[in-house]
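One structure below.
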Amino acid sequence: MNKYLQKIKNKHRGTSIKYISWINRKIKPRLTRKEKLVIKEKWFKKHQKFCQRYYLARARANRLEVKLIEKVREVNVLKKRVLNDKERYILDKRVFNNSPLTLQSIADKHNISRERVRQIQEKTVLKLQEDIEK
């Protein structure tokens, strides 16, 4: 192994994320490809349980994400099947939007009052909840 690497290794006994990032920035440009692989292997062996837990958590999060996407698709299908155009528009712009439109702007577009927009919004949310529960 490289004498320089051996010297650094003796200096830094504990292997941590800071140590690995420090190696990436300072030492790795001076190492051969084989030496880089040895460092990675040793780190993964030492932190095997952490890595396994991390990858399992990522897999779980991905499964939850897929379930959430399926639910959203299901809701979109329900919206098309159960709601009319006005209800769908209000739901999209008030409930499912990151920056919801004001009641007044929706009311102006459809020539109805703000109170009517609020009533339609409540009614459509209830409709969707009932259909999802079925």
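Derivation of every value follows stated rules applied to the coordinates shown; laboratory data play no part. No experiment lies behind these values; they were computed from the predicted model shown. Positions of Cβ are generated from backbone atoms using ideal geometry, with glycine treated the same way; all protein chains shown enter the neighbour counts.
Some points to look at:
- Annotation: ASP108 fulfils all but one of (1) over 23 Å from GLU130 (Cβ atoms); (2) not in a helix (DSSP H, G or I); (3) not aromatic (Phe, Trp, Tyr); the unmet one is (2).
- Selection status of LYS46, farther than 30 Å from ILE132 by Cβ, surrounded by 12 or more Cβ atoms within 10 Å (Cβ to Cβ) and not hydroxyl-bearing (Ser, Thr, Tyr): yes
- Those residues of the range 102-134 which are crowded, with 16+ Cβ neighbours inside 10 Å and within 25 Å of LEU68 (Cβ to Cβ), in sequence order: GLN121, THR124, LYS127, LEU128, ASP131
- Among the residues of the range 89-112, those identified as touching a helix residue (DSSP H, G or I) at 6+ places or on another chain (Cβ under 6 Å) and without any contact (Cβ under 8 Å) to a residue 12 or more places away in the chain are PRO100, LEU101, GLN104, ALA107.
- Some residue of the range 98-118 being closer than 18 Å to GLU74 by Cα and among the polar types (S, T, N, Q): no
- Looking only at residues in the range 77-110 that are of a type in the set (Val, Ile, Thr) and within 26 Å of the chain's Cα centre (by Cα), the one that is nearest to THR124 (Cα to Cα) is VAL95.
- The one condition in (1) under 30 Å from PHE44 (Cβ atoms); (2) part of a loop (DSSP other than H, G, I, E, B) that SER99 fails to fulfil: (1)
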